[in-house]
Amino acid sequence: MRAKVNPRSARGKAEAESPVARVARACDALRRGEAVVLKGDVTLAVRAVETAPEDVLAKTKNARLLITHARARTLKIRLYTSEVTALPIAPGTSLGALRAIADPTADLDFPLKGPFETVREKLPEGAAAAVKLCKLAGLLPAAIAWKGRVPGAMTLEARDVLAYDDEIVRTLKIVARARVPLEGAEDAEMIAFRSGDGAPEHYAILIGAPSTAKPVLMRFHSECFTGDLLGSLKCDCGTQLRGAIAAIEKAGGGVLLYLAQEGRGIGLINKLRAYRLQDQGFDTVEANERLGFEADERRFGIAARMLKLLGYSSARLMTNNPDKVKALEAAGVKVTARVRHSFPTNPHNRDYLRTKATRSGHLF
């Protein structure tokens, strides 16, 4: 027998839903190909280019294609607006044509694009929020947007999307912990952290019993399915992960933070797209930017929050990336030393590591 739902209580529950939870639901809607309505200075209805239904353009008027500046630069489109670029969608344009603009892995199949007419006036705040939602959903960062509403579509505030990065850090909390002996580090405890959006959890591996009264030896490691689990030779992630556990054990204890931020924050599917671009001759930075992402989309404030929840306010950070040092200190954790953490290359990752050094400033 189906339970009866009180409309008032359902409405109250929706009103009580946290901003980050609403953002998470909006991401799920975009992944399913549904529309989302963003309220702000102008109300915008948006769909993700990657998942939009084939008839979406026939049902909209005066729609615009929203892409990032990184993707616009790749297509030689002039940047007249801040944060994102808007292109008017001409009548008769196919969804396939928009996807060819959004997806650089199709550039060789559709090499002739443009010339592009670019919107020059100030864009509503929902424009940047729409593209950010696509990123958070793990989709290509490109959206179709038009003024108005869509019956039945979920509605949220554009400002909640734009404030998401800070909110997930604020809402992060410890939800479980247990002793988990590891090969090479038997005195280890695993701690799980969850934020208010219900996204995949982050984890800490506490090895030994490092004092909270002095800087803790630590590394924060972004998950890498291909490297950590499958042993991919295209990166050095698996080697760094296991090497960090061994080094921390040898030093007498410390913390490894394992962050759910695959592919420098762009997600596994987009990382595979970046790999395909690398096979075409682009380096790792160029591949991310051609996809429409920044070279690094990770949120390092999460690592600082995890450390603070564990009781640590200072650290000796195992990394080759000076940006991690800056990010951790900007989030309120004092870094007393950068501890070198590098390993031999192989023929498959040599160019990748060279790019990290020359383009991203890594110190090997």
Going residue by residue through the range 324-334, is there one that turns out to be in contact (Cβ under 8 Å) with a residue 40 or more places away in the chain, surrounded by fewer than 21 Cβ atoms within 10 Å (Cβ to Cβ) and more than 20 Å from the chain's Cα centre (by Cα)?
yes
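Yes/no matrix, rows are residues, columns are (1) touching a residue at least 24 places away in the same chain (Cβ under 8 Å); (2) in the same structural domain as ARG305 (by TED's automatic domain parsing); (3) in a helix (DSSP H, G or I):
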| position | (1), (2), (3) |
| --- | --- |
| SER211 | no, yes, no |
| PHE220 | yes, yes, no |
| ASP228 | no, yes, yes |
| CYS235 | yes, yes, no |
| LEU241 | no, yes, yes |
| ILE245 | yes, yes, yes |
| GLY252 | yes, yes, no |
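For every residue, the table says whether it meets (1) under 30 Å from GLU286 (Cα atoms); (2) at pLDDT 95 or above; (3) part of a loop (DSSP other than H, G, I, E, B).
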site	(1), (2), (3)
ARG22	no, yes, no
ALA26	yes, yes, no
LEU38	no, yes, no
ASP55	no, no, yes
THR81	yes, no, yes
Run down ARG78, ARG32 and say which single residue is surrounded by fewer than 14 Cβ atoms within 10 Å (Cβ to Cβ), outside the structural domain of ASP197 (by TED's automatic domain parsing), within 19 Å of the chain's Cα centre (by Cα) and not acidic (Asp, Glu).
ARG32
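Can you list the helices (runs of 4 or more DSSP H) lying wholly within the range 272-364 that have 2 or more residues being farther than 30 Å from THR171 by Cβ?
Values: elements: 284-291, 301-309, 322-330, 350-358.
Filter on the range 272-364 gives 284-291, 350-358.
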For ARG219, which of the numbered conditions (1) closer than 21 Å to ASN320 by Cα; (2) basic (Lys, Arg); (3) over 23 Å from the mean Cα position of the chain (by Cα) fails to hold?
(3)
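Would you say GLY96 is loosely packed, with under 15 Cβ neighbours inside 10 Å and not in a loop (DSSP other than H, G, I, E, B)? First the steps, then the outcome.
On the way: loosely packed, with under 15 Cβ neighbours inside 10 Å: yes; not in a loop (DSSP other than H, G, I, E, B): yes.
Criteria met by GLY96.
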Long-range neighbours under 9 Å by Cβ, at least six apart or interchain, first residue at positive phi within the range 88-116, second surrounded by fewer than 16 Cβ atoms within 10 Å (Cβ to Cβ) and not small (Gly, Ala, Ser):
GLY114/LYS76
Going through the range 151-179 in order, the residues found to be touching a residue at least 24 places away in the same chain (Cβ under 8 Å), part of a loop (DSSP other than H, G, I, E, B) and either touching a Ser or Thr at 6+ places or on another chain (Cβ under 7 Å) or loosely packed, with under 15 Cβ neighbours inside 10 Å (or both) are THR171, LEU172
Could you list, ordered by first residue, the pairs with Cβ atoms under 7 Å in which the first is in the range 263-291 and over 18 Å from ASP351 (Cα atoms) and the second is assigned to a helix (DSSP H, G or I) and aromatic (Phe, Trp, Tyr), at least 6 apart or interchain?
LEU268/PHE225
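Would you call PRO88 modelled with pLDDT of 95 or more and outside the structural domain of THR43 (by TED's automatic domain parsing)? It would help to see each step written out before you state the result.
On the way: modelled with pLDDT of 95 or more: yes; outside the structural domain of THR43 (by TED's automatic domain parsing): no.
It is false that PRO88 is modelled with pLDDT of 95 or more and outside the structural domain of THR43 (by TED's automatic domain parsing).
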Failed item, numbered, when LEU309 is tested on (1) crowded, with 17+ Cβ neighbours inside 10 Å; (2) under 15 Å from VAL255 (Cα atoms); (3) of a type outside the set (Phe, Trp, Tyr):
(1)
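The values are calculated or read from the model by the stated rules, or taken from the named source; none is laboratory data. Bear in mind the structure is a predicted one, so any value in this text is a computation, not a measurement. Cβ sites come from the backbone with ideal geometry, for glycine too, and all protein chains shown count toward neighbours.
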